[in-house]
Amino acid sequence: MAVLEIHDLTREFKRRGTPFAAVDHVNLSVDAGRFVAIVGRSGNGKSTLLNLITGLLKPTSGTVSVDGQVVGSLGDRDMARLRNRTIGFVTQSATLLANLTVLDNVILPAVMMGEPLAEESSDAGRDDCHPTRNGNESDLDMPDVIAPAEEEPAHEDGLARRARMLLESLQVSDLADCYPKELSGGEMRRVSIARALMNRPKLLIADEPTGDLDADSTAIVMRLLRKTADSGAAVLMVTHDPDALDYVDLTWRMDRGILTAV
Amino acid sequence: MTRKLFATLPAIVLGALIAIAPQTFAYVCKVEDGMKMACHYTAQAALGLGVVIALLGILGLFVAPQVRAGLNIAVILNAALVVAVPTVLIGVCKGAMMHCHMVTLPTLIVLGVLSVVLAAIAVWFDIRDTKTAR
Amino acid sequence: MPRITLGRLPFENLRRKPFRTAALVIVVTMLTVAFYGGALLATNLKTGLNSMQERMGADLMVVPQNTGSKAEALLTSGTSSTFYFTNDIVKLVAGADGIGQATSQTYISSLAAACCDEKVQIIGFDPATDFVIEPWITSQYDGTLKDGEVVAGANINVSENGAIRLYNHDFPVAAQLAATGTSLDNSVFVNENTIPAVVSYSAKVGHAAIPQEYADKAVSAVLIKTADGYDAHTVAGNIAKASGISTLGYVYPGGVTASTRASLNALVGYAGLFLAVFWTMGLVVLFAVFASSMNERKREFAAYRIMGATRGMLVGLIVRESATIGLIGGVIGIAAASLAILPFNTLIGKQLQLPYLQTGIVTVLALVVAGLAFAVATGLIASIATAVKLSAPETYLTLREGE
């Protein structure tokens, strides 16, 4: 079933009085469990497309539906809920909150809607990240996430446990109590991936997730995204990075607003 | 460095003021014919307390934050005495228009309250930081 | 450390930007000090003025030549003085047309012997004809003042055994009056028959207040209530004619009250104008800081949106941040102004040379509440523009390529 369904989507901007289509009649569908990449040069409408999918921009024409809901038709509250609970967004720029610790940054989406996500959580949470125990299981780069969770002090609740576990799986758990300004670009990127995964999104959108990362870090991130897809989420990634494409199921190219299969 | 000054400077300045004020601008009644009024003893007590508070502040410049927190607790207690001395413990002249009642008493109360509040804030910061560091 | 919640977010934002927060708090604190401190002072002056007006029973005071300003100062600002007629003024005045009631008073400025150098104003009044002092003394002390006894004003230092020492003599204090905020608080009241005794005690210690020869008949002022239909100034003219003395001094207590009130109102008016200008300037500063931080925080707000914050949450965040700044600034400002004003009320009253009476606890509490509301409102108003922007339906908080 398609988690993301884009139909004939167009968004026009005006530049010096002349309208031009940043996103031009795009059709795209991403099923649950699929990992799709969009490549293309900067300024070709990729970020506009992502903003349209998350409802931060309104389309000129066409529709976006996420998890069966038409994005443009929802009110602010329902749209916010969709962004919070169904979509995870790894942004291209550093959007970690400077005033919160890394740990709190990761937890924040879970407490945003008032009632925190139920603690059903902890166990299911581990499954989210290691759902199938497939080929990567023996990989030493990916430490067993159960152990650190159990080592946490008793007073930490399920949300903090889950956040630490996510940080652990991205190998940045030692930074949990740091503030974003103390982190390198690559570390920030990994933390924002952990934040995007916090609410177990059905659709994970990643805008240049490996942009500032070295080869090792790229491998960690891409394996995590792959696993997220394998666990049943739809993953849509925008990237320049040819190394990243090894992990995806399908690649599209975006050129002057037009999306074509590679 | 800022923290250290913030935690010690108020005690030094206010302590000095508490000691000096009753001897200068917030003077008390003069001793006449060997008759010493209550305010005279209040001024003496404030002199002692003020010097102690200022010294505690100076000591705070050279010690670790935990110790400084302890010193500031002592500042709080001494400053509470600065308030208590002119009000309940010793008192001042009763006449409302007398200089010691009109100026010395409120001056000591204000300086004492300020010392208590600023030292309490310094204690809170120093203890909290010590905890987080652990 | 407890984990983050939406409710804690504004406080974390303030805590992690200590300089910005401190700057905003300082601005709000200054505005609150000006507002609350100004309101408290103005209220105390008004209370003092009302109290003074209640104590002014006479329409006209006849005083010796060139002592008019002394007498006025004695009424308003608590500067004590001694002056007296050397003739039988009461009889001379009595013949004038338009006098309803007349009574004489004697003013003697003394040194309090016991301690310090505060002067005490001794006021001798004539219980037989008095209509000025007794009405309000009896509101707190009923009984007739015996010869040799005194009634003490609120600021008078009464000794343990219920006496006041003047000119090395202990006068028993029959009662002590509540504060009025006027010179009367520093006065002791005696029966006119006691005056000669006071004068003789003063002579004994070598500071004769009035030459002995005048002691029995010394009168400092004749206080007059005009008969119905007579204007105080007309009566003053009649007195000049009837007595045949053209150099008498006249004080119009009603006029004194009115002119004090007028200058007080002018003062309050200017202070209010100054306050309004000051407040506007402070608000502009707060406004500018909020607006510029809004630009600086665009990315932060975009991040909240991406994480699923509604527009309402963003507005709530800003509102709580600014209300918290307002509240902190308000509490500090009110504490500071209270500490500067309340303990020093006697000194302020003395320095202002105006009737100044510390208003009651209820009024002070009401002013505290008003001051806090003012501070929080100031914070909220400063953030309105930001909040409106954030609540606009077309969100512009998008992350653009390369940002």
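The values are calculated or read from the model by the stated rules, or taken from the named source; none is laboratory data. What you see is a predicted model, and the numbers here were worked out from it, not measured in a lab. Reconstructed Cβ throughout: ideal geometry from the backbone, glycine too, with neighbour counts over all protein chains shown. For the accessible areas, the whole protein counts, side chains as well, though only heavy atoms, and no ligand, DNA or RNA atoms are used. Shrake-Rupley method; radii C 1.70, N 1.55, O 1.52, S 1.80 Å.
Summary of values
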| quantity | calculated |
| --- | --- |
| Efficiency of FRET from Cβ geometry, B:MET1 and C:SER81, R₀ 45 Å, rounded to 0.05 | 0.20 |
| Burial ranking of peptide ranges C:62-72, A:221-231 (average Cβ count within 10 Å, highest at the top) | A:221-231, C:62-72 |
| Residue-normalised accessible area of the protein assembly as shown, given per residue in Å² at a 1.4 Å probe | 43 |
| By average C-beta atoms within 10 angstrom, highest first, the peptides B:4-15, C:320-331, C:83-94 | C:320-331, B:4-15, C:83-94 |
| Max mean-square fluctuation residue, GNM over chain C, Cα-Cα springs under 10 Å, options C:GLY37, C:GLY349, C:GLY272 | C:GLY272 |
| Percentage relative contact order, chain C, counting C-alpha pairs under 8 Å, at least six apart | 28 |
| Angstrom value of the Kirkwood radius, inverse mean 1/r, which spans all Cα pairs in the range B:43-110 | 12.9 |
| Placed amide H near A:ALA206: partners under 5 Å, 5+ positions off or other chain | A:VAL90, A:LEU236, A:MET237, A:VAL238 |
| Net charge dipole size for the range B:4-134 [Lys, Arg +1 and Asp, Glu -1 on Cβ; Debye, nearest 20] | 320 |
| Two-site label geometry, A:THR251 and A:ALA2: point separation in nm, points 7 Å out along Cα→Cβ | 2.3 |
| Accessible surface ranking that places the most exposed of C:ARG305, A:ARG15, A:ARG190, C:ARG165 first, with a 1.4 angstrom probe | A:ARG15, C:ARG165, A:ARG190, C:ARG305 |
| Between A and C, accessible area buried - total, square angstrom, nearest 100, 1.4 angstrom probe | 3100 |
| Solvent accessible area, Å² - A:ASP212, 1.4 Å probe, full protein context | 90 |
| Where B meets C: accessible area buried, both sides, 1.4 Å probe, Å² | 1600 |
| Relative contact order of chain B, pairs being alpha-carbon contacts under 8 Å that are 6 or more residues apart, as % | 34 |
| For A:101-107, mean number of other protein chain Cβ atoms within 10 Å | 3 |
| R0 of 56 Å, Cβ-Cβ distance A:LYS58-C:ASN265: FRET efficiency to nearest 0.05 | 0.40 |
| Most positive-pole-ward Cα, A:LEU100, B:GLY91, C:TYR214, against dipole of the protein assembly as shown from beta carbon charges | A:LEU100 |
| Residue-level accessible surface for A:ILE107, protein heavy atoms, 1.4 Å, Å² | 0 |
| Proximal lysines relative to C:LYS389, as straight alpha-carbon distance under 16 Å, when same-chain residues fewer than 8 apart are discounted | C:LYS298 |
| Overall dimensions of the range C:60-251 by Cα: Rg and Dmax, Å | 16.4, 51 |
| Choice from C:VAL205, C:VAL235, C:VAL376 with maximal GNM fluctuation in chain C (Cα, 10 Å cutoff) | C:VAL205 |
| Dimensionless Rg/Rh of the protein assembly as shown - Kirkwood Rh, Rg from C-alpha atoms | 1.21 |
| Point-to-point label distance, A:THR10-B:ARG128, nm (Cα→Cβ direction, 7 Å offset) | 5.7 |
| Distance cut-off 17 Å, percentage of C-alpha pairs in the range B:2-127 lying past it | 52 |
| Averaged over A:42-53, number of beta-carbon atoms from partner chains that fall within 10 Å | 2 |
| 10 Å Cβ neighbours from other chains, averaged over peptide B:89-97 | 6 |
| Sequence-separation-based contact order of the range C:266-403, relative, with Cα cut under 8 Å and 6+ spacing, percent | 45 |
| Prolate/oblate/rounded label for the range C:280-403 (Cα gyration tensor, a/c 1.5) | prolate |
| Förster-model FRET efficiency, 60 Å R0, C:LEU380 and C:ALA208, C-beta, rounded to 0.05 | 0.35 |
| Rg over Rh [alpha-carbon atoms, Kirkwood Rh] for chain C | 1.21 |
| Order of exposure, largest accessible area first, which applies to B:THR130, C:THR103, A:THR18 with probe 1.4 Å | A:THR18, B:THR130, C:THR103 |
| Magnitude of the charge dipole, the range C:60-251, Cβ model with Lys/Arg +1 and Asp/Glu -1, debye to 20 | 380 |
| C:PHE83 long-range amide H proximity, modeled H, under 5 Å | C:TYR107 |
| Size of electric dipole in the range C:118-194: Cβ of Lys, Arg +1 and of Asp, Glu -1, about Cα centre, debye, nearest 20 | 180 |
| Given B:LYS94/C:LYS204; B:LYS36/B:LYS94; C:LYS146/C:LYS350; A:LYS14/A:LYS202; A:LYS181/C:LYS17; B:LYS94/C:LYS119, the pairs whose alpha carbons are separated by over 22 Å | B:LYS94/C:LYS204; C:LYS146/C:LYS350; A:LYS14/A:LYS202 |
| Where labels lie 7 Å past Cα in the beta-carbon direction, separation of C:GLN351 and C:ASP228 in nm | 4.9 |
